[in-house]
1. Using the structure shown, decide if T7 is exposed (fewer than 13 other Cβ atoms within 10 Å of the Cβ), β-branched (V, I, T) and under 13 Å from the mean Cα position of the chain (by Cα).
2. Cβ contacts < 9 Å: first residue without any contact (Cβ under 8 Å) to a residue 12 or more places away in the chain and farther than 16 Å from R20 by Cα, restricted to segment 49-73; second residue surrounded by 13 or more Cβ atoms within 10 Å (Cβ to Cβ) and of a type in the set (S, T, N, Q), any location; separation 6+ or different chain. Result?
3. For residues that are in contact with a helix residue (DSSP H, G or I) (Cβ under 7 Å, 6 or more places away or on another chain) and more than 18 Å from K60 (Cα to Cα), tally how many sit in segment 1-30.
Amino acid sequence: MANHKATKKDVRQAAKRRDRNRYYGKTTRNAIRDLKEQKDEKVYDETLPNVISMIDKLAKRGVIHKNKASNLKSKLAKKTALKTA
């Protein structure tokens, strides 16, 4: 690592972003896992929009790719469609 002030600052910023992205990613993964384990249809339907919002925010921030976000949302929504059909 170079001993420039700007490089040191960039390392600090990257570490802060990495920690923040890991937190958001882990929180969203836990929410998805909890949603998949949900047995009650009513609770599932109430929780689904919140989880989809979390996934969209991850894609917007660049933590996950937009296609991965679409795949995750599709799988979760498909489970709702199967229950109501």
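Throughout, read-outs are computed from the coordinates displayed, never taken from laboratory work. Quick caveat: nothing in here was measured; it's all calculated off a predicted structure. We place every Cβ from the backbone using ideal geometry, glycine too, and count neighbours over all the protein chains shown.
1. Values: exposed (fewer than 13 other Cβ atoms within 10 Å of the Cβ): yes; β-branched (V, I, T): yes; under 13 Å from the mean Cα position of the chain (by Cα): no.
Spelling it out, it is not the case that T7 is exposed (fewer than 13 other Cβ atoms within 10 Å of the Cβ), β-branched (V, I, T) and under 13 Å from the mean Cα position of the chain (by Cα).
2. Partner pairs satisfying both residue conditions: none exist.
3. 1
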